[in-house]
Every structure is written in C-alpha cells, then in structure tokens.
Amino acid sequence: MPGARPTTVARRPRAGAGPTPYVLVAPAVVLLALFLLVPIGYTVWLSLRASRVTGGGLGLRVEQFVGLENYVGVLTDDGYAQGILRMLGYGVIVVPTMLGLALLFALLLDTPRVRLGAASRIGIFLPYAVPGVIASLLWGFLYLPNVSPIRDAVTAIGLPAPDFLAPGSVLFSVANIGVWGGVGFNMIVLYTALRGIPREMYDAARIDGASEIQIALRVKIPLIAPALVMTGVFSVIATLQVFSEPATLQPLTDSIPSSWVPLMTIYRDAFVNNDIHTAAAASVVLALGTLVVSLGVLSFLQKRAFGRDK
C-alpha cells in the first residue's frame, strides 16, 4: 500500500558446521600421520644416531646421538655416488624412450579407421600387468648366455653373439626391462587424454587441409600437455626408485654389485650389514634428492608445455 513501511524479515543466525567436517577428515589425517609422517620422523631420528661398542672388553653395543655423521658418511661414499650416476644414466635411457613410445602408440591408436584397436591396447598394456620381479626373471633368462634364444637367433645368421649381462651392456639390459614394463601404463594415460579431446577440432583441422601428422603435432600433442607433464613426473620418480630389476638380475651376473643403485645400497646396509642408521641416512638423502629432482622436472615441463609457471 502507498506509504506503508517495508517489512524487515528477521534472519536466523547461520548455524556453524560443528564437528562434522573434522570427523570426516579425521580418518585421512590419522592415516597420513601413521603411514607417512611417523615413518618419516622415525627414519630421520634413526639417521641421527649410530650403534657404538662400549663397556671396555664386554663389547656392549648402545645407540648414541651422532648428529650428521651418518649423512657425511653417505655423501662421501664412492659406492653410493657411483650408484647415483648409474641411476641417472638409467633414467636418461628409460624416461625419453618410454614416454616417446607411449606417445607414439597412443597417437597411432587414436587415428581414424584403426584396426584391432582394443586388442592392440591390451597387448601394449599387458607388460605393465606383469610384476616387476617376474618381468626381470623372464628377461634374465632371455639374457643368460646358455639359454638365451636371442643369442641363438643372432648367431644363426652369422653375427657375433651379444652379451647382455656384460659390464658395458648391463645398464641397457636393465633399462630395457623398465621400458618394456612402463610403456603400457603411460600409453593408456595419454590415450585416455586423447579420447577426451572433442572430435570437432579434428574435423575443423581436416577441413583446413591438415594431414593426420599435422593434426597430431599441432593439435593433439599440445592439448594433452597436462597428461605428458604428469607421466613425465611419475616416470622420473619411478626411475629414482629403481630396485627390483637390478636386484633380481644380480645373482645372474657379476656386473651388478650390491651398490648398483642407491636403493640396493640402502637394502644392503639395512638387511645385510645390519646398519639401519646408515641406511636411514641414505634413505633421507635419496628422498630429498627425489623431491628436488621431481620439482625441477615439474617446473621445467610446465614452462615448456604452458609457457609459464603454474
């Protein structure tokens, strides 16, 4: 009505969320603390201590705080340093080869009128489903000189028999196992990203006269850059943690010492030499190195893929 005052509606104060969010988050926080934070803290605590013999002739062993002494020993250990170099060489071979093959297979499977696409995807992915130890054993028998069918096939055509487990070739033999087992997983990730691209973009490119190769290079690869960054970072992390392949091949050859890669050195110190304190220090060094390298690779790939930091 004219001249009537506008009525004000009283609003009730919004009730707080209460403890519900904390109750929902609590299980994840507890699991994070129990299975990540506590083990990390315990490992750091062990790395700052050492077992010493005391008590004169009684030979009593007690744990003592030694500060950074274990870290100094790890960083000045020639075997540990050589293991890091081998690990880096392994990564230089595995990561580009594995991601390159995965991208190639994903692009080929995403082309129009591809035949036997489902069977091809399963065949490429199947090696990833084989556990790393089993795969290493299978390849180990293919590498052994006395039972290798590859050596027999090579000698049958008159070529010199290769020695896959020789000191000069064992790095490539171990890298081959990593590539064989990792291509399938990365291919599935990249292929899934390709399938998420709207088909209309390909049709528009074909109308403009682009060939399938041009579409792959100028449309598909730039659009799956996030998937390439993710697979690249995961591949680098897996490379820094290589263990099962060389450890499984070690009994088959003298070319793989117990310190061939850092994780083998850590295993030897902890479970063979019973020196858990040095092993803990080496584990912390490896973890920090993995973190630094992963962040560096992530930053580099982001700059190349997106042109700026994310």
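The values are calculated or read from the model by the stated rules, or taken from the named source; none is laboratory data. Note that this is a predicted model, so its numbers are computed, not measured. Counting neighbours? That spans all protein chains shown, and the Cβs are built from the backbone with ideal geometry, glycine included. Each accessible area value is taken on the protein alone, full model and side chains, heavy atoms only, with ligands, DNA and RNA left out. Shrake-Rupley method; radii C 1.70, N 1.55, O 1.52, S 1.80 Å.
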Sorted by accessible area with a 1.4 angstrom probe, largest first, how do Ile215, Ile150, Ile157 fall?
Ile157, Ile150, Ile215
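Would the chain count as rounded, prolate or oblate if I go by the C-alpha gyration tensor, calling it rounded below 1.5 in a/c and otherwise prolate when a/b exceeds b/c, oblate otherwise? Show your work: numbers first, answer last.
Details: a/c = 2.72, a/b = 1.14, b/c = 2.39.
The shape class here is oblate.
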Could you tally the net charge around Val174, taking each other residue with its Cβ under 13 Å from the Cβ of Val174, Lys/Arg +1 and Asp/Glu -1?
0
Choice from Ala282, Ala81, Ala33 with maximal GNM fluctuation in the chain (Cα, 10 Å cutoff)
Ala33
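Among Leu190, Leu85, what's the order by accessible area (1.4 angstrom probe), most exposed first?
Final ranking, largest accessible area leading: Leu85, Leu190.
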Could you tell me which of rounded, prolate or oblate describes the stretch 228-310, using a ≥ b ≥ c as the square roots of the eigenvalues of the alpha-carbon gyration tensor, with rounded for a/c under 1.5 and, failing that, prolate when a/b is larger than b/c and oblate otherwise?
oblate
Enter the accessible area of Ile276 (Å², nearest 10), with the probe set to 1.4 Å and all protein chains included.
70 Å²
Given points 7 Å out from each Cα along the Cα-Cβ axis, report the Phe271 to Gln241 separation in nanometres with one decimal.
1.6 nm
Helical mean residue ellipticity (222 nm; -39500 (n - 2.57) per DSSP H run of 4+; nearest 500) of the chain:
-20000 deg cm²/dmol
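State, as an integer percentage, the relative contact order of the chain based on alpha-carbon contacts under 8 Å between residues 6 or more apart. Present the calculation step by step, with values, prior to reporting the outcome.
On the way: 299 pairs, mean separation 78.3, N = 310.
After rounding, I find 25 percent.
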GNM top mover of Leu263, Leu116, Leu286 - the chain, alpha-carbon springs below 10 Å
Leu116
Surrounding charge for Gln64, neighbours by C-beta under 13 angstrom, Lys/Arg +1, Asp/Glu -1, total +1
Using amide H atoms built 1.01 Å from N in the peptide plane, name the residues 5+ places from Arg49, or on other chains, whose amide H lies under 5 Å from its own.
Val66
Between the stretch 238-260 and the stretch 153-203, what is the C-alpha centre distance in whole Å?
19 Å
How much accessible surface area, in Å² rounded to 10, belongs to the heavy atoms of Lys220 with a 1.4 Å probe?
0 Å²
Of the options Gln214, Ser51, Phe271, report the single residue whose Cα projects farthest towards the positive end of the charge dipole of the chain (beta-carbon charges: Lys, Arg +1; Asp, Glu -1).
Gln214
HN-Hα J couplings of the stretch 121-130 from phi, Karplus 6.51/-1.76/1.60, θ = phi - 60°, integer Hz, Gly and Pro as x?
4, 5, x, 6, 7, 4, x, 5, 6, 7
Tell me the net charge near Ile215. Cut-off is 13 Å between Cβ atoms, Ile215 excluded, with +1 for each Lys or Arg and -1 for each Asp or Glu.
-1
Separation of the Ile157 and Val133 label points, Cα + 7 Å toward Cβ, nm:
3.6 nm
Reported to the nearest 10 Å², Tyr267 has, with a 1.4 Å probe, an accessible area equal to 110 Å²
